[in-house]
Amino acid sequence: MTTALPAFSSAFGDAATVAARTDQQLQSSDVVAGQDALDAIGSVELGVDPGSYKQITPEAGLIDPALLENTEIRNAFDREFPLTDGFAYRTAPVEQFHDAQDIAAPGGTPVLAIGSGEVIEAGYASDGCGFSAKLQHKVNDETLTSRYCHMQVDSHDLKVGDRVEIGDPIGRVGNTGMSFGDHLHLALRRSGVPIDPLPYIQEQIEKAAKRAAAAK
């Protein structure tokens, strides 16, 4: 049975509220020690705390395909999986700001392009990302890049310059590079600035749903 993906408001509030609340939390005494790391990487648009798709979407299951109609950006999977490391400062395994979301999908799970665009990096990366792919998208007249790390070796044959469409398989979850278990490291940058994938993706899905409703 297909389970609809509820809006962010079902658990945390809308995407803007989530981002604002987490911004306040990251300024608290609990993370003051991480300010040097934040300064070191420059501008960052803050997002949600580490959690899980089950927390964000209380009903686990398949994502309703109807929610992905007419959206320019979607989830990287067709199912909900736990989040193991969020868009936040961390102290282990290394002390730094983690500017992505780590999603603990089982090894071999197909990874899907979150949007249509052009491949700008492909293959094995030497910076710890392992076997990976990086795509460039145009969304609402903005340049967005999405990077997919730690995938299984040779799980795609993408080349720089290839065109991919939203939802296309672009690899399989793996444990390559600086990784301690099967998962997808999903990183987004908007105009070169790291942003939290979760509220951004949710915002785009919500906008598409509103457009569809208004058109009826």
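Among the residues in the stretch 69-83, are any modelled with pLDDT of 85 or more, part of a loop (DSSP other than H, G, I, E, B) and of a type in the set (F, W, Y)? Yes: one or more hits.
Among the strands (runs of 3 or more DSSP E) lying completely within the stretch 97-216, list those that include at least 2 residues that are of a type in the set (S, T, N, Q). The strands (runs of 3 or more DSSP E) meeting that bar are 130-139, 142-151. Scanning the stretch 113-134 for residues that are exposed (fewer than 14 other Cβ atoms within 10 Å of the Cβ), within 19 Å of H183 (Cβ to Cβ) and either at pLDDT 80 or above or in contact with a strand residue (DSSP E or B) (Cβ under 6 Å, 6 or more places away or on another chain) (or both) turns up at least one hit. Return the only residue of I170, I166 being at negative phi, in contact with a strand residue (DSSP E or B) (Cβ under 6 Å, 6 or more places away or on another chain) and at pLDDT 90 or above. Of the residues listed, the single one that is at negative phi, in contact with a strand residue (DSSP E or B) (Cβ under 6 Å, 6 or more places away or on another chain) and at pLDDT 90 or above is I170.
Of all residues in the stretch 115-128, those that are hydrophobic (A, V, I, L, M, F, W, C), in contact with a Lys or Arg (Cβ under 7 Å, 6 or more places away or on another chain) and over 14 Å from R172 (Cα atoms) total 2. Considering only residues in the stretch 100-143 that are within 21 Å of S191 (Cα to Cα) and touching a residue at least 60 places away in the same chain (Cβ under 8 Å), the one that is farthest from the chain's Cα centre (by Cα) turns out to be N140.
The values are calculated or read from the model by the stated rules, or taken from the named source; none is laboratory data. Just so you know, these numbers come straight off a predicted model, no measurement behind them. FYI the Cβ positions are ideal-geometry reconstructions off the backbone, even for glycines, and counts take in every protein chain you see.
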